[in-house]
Each structure stands twice: as structure tokens, then as C-alpha cells.
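The structure is given below, and queries will be raised subsequently.
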Amino acid sequence: MPDPSHIIVIPSLKVLYCITPKVASRQWREMLYSFSNMRKRALLLSRYPPEEQKQKWEKYFKFTFVREPFERILSAYKDKFVYPRFPRKKLQLHGTAILRTVRPNASKSALDKLDDITFREFIEYLVTKGSSKSTPVMNWHWDNYVNICGMCAVNYDFIGHYETFDQDLADFEEAAGLSPQQAKRFDARANNKSSTASSMLSYYSKIPVKWIEILGRLYSANFEMFGYNFPGPLKSLFEQRKR
């Protein structure tokens, strides 16, 4: 089952939202929070006793959104190591682990600042130390969806895709049975989606294709369960190798 601290409860809408980082989750939270006057932490499923949690899983409308795996990995890297929004403690945990794994002779300055971790080093860390199972290496910002939201344990009512956010948001409003007034408040910050897709080849062309193949195996469930093809947007890199 998903970690209940990753599930938002909106009693007024009778919905449960599984937070999937780097899939417009910040926008989703802002929209959902507008339907409650409670403190944000109070809206987490983990704040309810076990019996109430079980009832909400059974009766509430359950949804989440997913994103093309390679694009999400790159977005997580940029967000956490290029324009870091990690709390310092988390940055030290993962940044130090990355450098000690792939840059054993890292300088004291690099270990202190943690501001020059490259995408190649991040990917090397994942393919060297990562796992298809949830581990400390697989922080939830880049972990498998199945490890975050438990798609094999929970029968979600709706799973939308980042790539078709606008249409899927409209479909969600209908599927969740929202009133016209409620739907208007999901003014969707769809236009605020990142432009990570446009820089994919620039970043991934700097890493070995064999690492991309390993990533494909690590995230195989994400490709298979949600209709994403491997290697998808990185197909041209494999074609170049053949030539």
C-alpha cells in the first residue's frame, strides 16, 4: 500500500490524491488545498486512524497522474541538483552519496557545496546503486510510481498523464463527479508545465546508451503500466549507436 503520508485527503470532494513528485504535483496540491481550510499537514491520510484510512480508500475517489519516465528523471535532477529545492539535509544525504559513489576523489569544497553534480553522475548513481524496489537511493522524487502510489495494491479510479494534462484534467473533473462550480476552481495550472521535454536529448546524449537501457529495466513497470514506449523520446540516441 502507498505511504499514507503521500496521500492528500479532501473530505469536501471525497477524493484521495496520491502525490507523484515531478508530475505537476505542486499545482495539484494548490488546487486541492483551496477546497479546505485545514492546515496542509492535516490533509494527509497519515493523520487519520487506520480504520478511517481504510474507509477512505474504499469510499473516496482515488486518483493520481504519471509522466514519461525519462522526462521525469531529468526534471527531478534539475529540480534537486541544478536549481535545488531540496532541504539542505536531503541535499546532503543524496548529494554526498552520489559524489562518494561516482566521484571518490571529490574535493572537500565539492562535498560541502554539492552544487556541481552533473546529470551523468546522477544517472551513474542510479544505475549503480538503484533498484526497481523502493530504497533510500530511490528518493520518491525519482522513484517508481508503483513504489509511491501502489498501483498494484490500489484500484485507482483515475490515472492521468502529464503529457495530456489539459484533456485529462477535464476528464478527471467529469469522472470525479465535480459540480460546475467545483470544476471552475481547478483552473489548472496546466500552462505552468515545465519545458523539460525540449532539453531531453541534450542531457541524455551525454550518458552511455547502456545506462539508458539499465534505466529502462529499473523503471520497466512505469513504461509497461502507463503506455510509455521504451526508449520513447530517446529513440534517436539508439539509432545513432546503430549507425
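Among the candidates K14, K59, K40, single out the residue that is at pLDDT below 95 and open to solvent by 10 Å² or more (accessible area, probe 1.4 Å).
Residue meeting the stated conditions: K40.
Something else about it: From the residues in the range 107-145 that are part of a helix (DSSP H, G or I) and of a type in the set (D, E, K, R), which one is farthest from L74 (Cα to Cα)?
Per the stated criteria, the residue is K108.
Given R100, R120, R88, which one is open to solvent by 30 Å² or more (accessible area, probe 1.4 Å), under 19 Å from K206 (Cα atoms) and either of a type outside the set (S, T, N, Q) or at pLDDT 95 or above (or both)? Talk me through it step by step, then tell me what you get.
Working: R100 fails: under 19 Å from K206 (Cα atoms); R88 fails: under 19 Å from K206 (Cα atoms).
Within the list R100, R120, R88, the selection yields R120.
Could I ask something else about it? Does at least one position in the range 149-161 carry a residue that is more than 21 Å from S34 (Cα to Cα), in a loop (DSSP other than H, G, I, E, B) and open to solvent by less than 20 Å² (accessible area, probe 1.4 Å)?
For the range 149-161, residues more than 21 Å from S34 (Cα to Cα), in a loop (DSSP other than H, G, I, E, B) and open to solvent by less than 20 Å² (accessible area, probe 1.4 Å): present.
For the range 194-235, give me each residue that is in contact with a Lys or Arg (Cβ under 8 Å, 6 or more places away or on another chain) and charged (D, E, K, R).
If the condition is that a residue be in contact with a Lys or Arg (Cβ under 8 Å, 6 or more places away or on another chain) and charged (D, E, K, R), then K206 is the only one that fits.
The values are calculated or read from the model by the stated rules, or taken from the named source; none is laboratory data. These numbers were taken from a predicted model, which means no experiment stands behind them. Quick reminder, even Gly has a Cβ in these numbers, built from the backbone with ideal geometry, and neighbours come from all protein chains shown. Each accessible area value is taken on the protein alone, full model and side chains, heavy atoms only, with ligands, DNA and RNA left out. Shrake-Rupley method; radii C 1.70, N 1.55, O 1.52, S 1.80 Å.
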